Structures are given as C-alpha cells and as structure tokens.
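Working notes for the structure below.
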Amino acid sequence: MQLKFKIISIILFLIDAFLLIINTKCRDETLSVIQDLTFGKFFLYLGIACFVFYLIIVKFKKAFNVILIFAIIFFCISMFFNLRLAKDNYDRIQCNKGISEYYEYFEYESCEKIKKRFEDDLINGQLKYFLEPYNSDLEFEQRLREIHSIKLVEKSCTQFTSMECYNDLVKDYIKKIE
C-alpha cells in the first residue's frame, strides 16, 4: 500500500512540476493578478514538504500513510490550479494567433483601414469572424463555419471597435450571397 502511495505521489509531482514549468514560461504578464500560478506553486511546495517529511520519518520508524495522503492531496490541488491556468494560457495563445496579423488595424480603431483588410481577406478566401464574448448567435456562427468556411476567432479575445467593423462587413457579405 505504501509503495502505491509513493508511486502516485511521484507521478503527481512530475506532472505538476511539468505543468508549473510550462505555465511559468507561458504566463501572461498583463494578467498576473490571477493567483492560479501562485496557488499552484504553494500547494506543490506543501506536497513536496509532506513527501520529504514522510521519507525522513520512514528511515527512523514506521511511517504514517496519512502524510503520503496529504502529499497526494496537495499535489492534486496544485494540479487543479495548474490545469486551470494551462487552459487560460492556451485560450490566450490561440486568441493571439487569430488576431495577431490584425493588430496594426486595431490600434487605430478605424473602420476605414479594416475595410481594405476585409477586401484582401475576401479575395484570398481567408475571412474571419471575431466572436462576441457576450452576444453569441450559435446558429449564425455554425453557418459561418460550416457553409461559408469562415474561421471563427474565439471568445476569449479582446474586442476592438475595428473588430466589430470587420464583423459587420462579414455579415453584409453573407447577406449578399445568401
């Protein structure tokens, strides 16, 4: 039984350490108010402390499985925070991939400049639709994706005024062709 707990603890530690390294490397400096990384580190350190304490006690006398169970619990809590942060980081990275080539148009918040980009995207067959975070029309989005092969940029992105202009141009284009 103790061997199973040791193996589980070591596996959880390795997974947590891996996720923590990735989350530290991919963290967003502007969203540093999110405490998931701090909590993940804290519970990982508590789990390591429990595991080391268990290994020290094992040398001198019969160890308690309770200490290993606490280590496993702390590793699981750390993994929860790390997985949650990994999902947020993944969403942010995907968002940035989707809109990075449009940043030059967004910084001026001008609809005139984005019209040229829309026309280029229309000619190249690379239209995008920037999903609105609070006003989603699932039927319309499904039609865009499946019928018109328009790439949808996820809801976790920041909404700029020129994104709305681009979306309006896409909507007008869809109305014309339907």
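Overview of values
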read-out	value
Under-5 Å amide H pairs with HIS148, H placed in peptide plane, nonlocal only	none
Above-threshold pairs, the threshold being 32 Å between Cα atoms, out of LYS25/LYS116; LYS87/LYS171; LYS97/LYS175	LYS25/LYS116
Cα-projected label distance for ARG145 with LEU3, points at 7 Å along beta-carbon direction, nm	4.8 nm
Distance between modelled label sites at ILE15 and TYR45, nm, 7 Å Cα→Cβ extension	2.4 nm
Peptide ranges 40-51, 13-24 listed from the most packed, as the mean C-beta count within 10 angstrom indicates	40-51, 13-24
In order through the stretch 46-54: 3J(HN,Hα) via Karplus (6.51 cos²θ - 1.76 cosθ + 1.60), integer Hz, x for Gly, Pro	4, x, 5, 4, 4, 5, 5, 4, 4
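Read-outs throughout are calculated quantities, based only on the coordinates presented, and are distinct from any laboratory measurement. A quick note: this is a predicted structure, and the numbers were derived from the prediction, not measured. Counting neighbours? That spans all protein chains shown, and the Cβs are built from the backbone with ideal geometry, glycine included.
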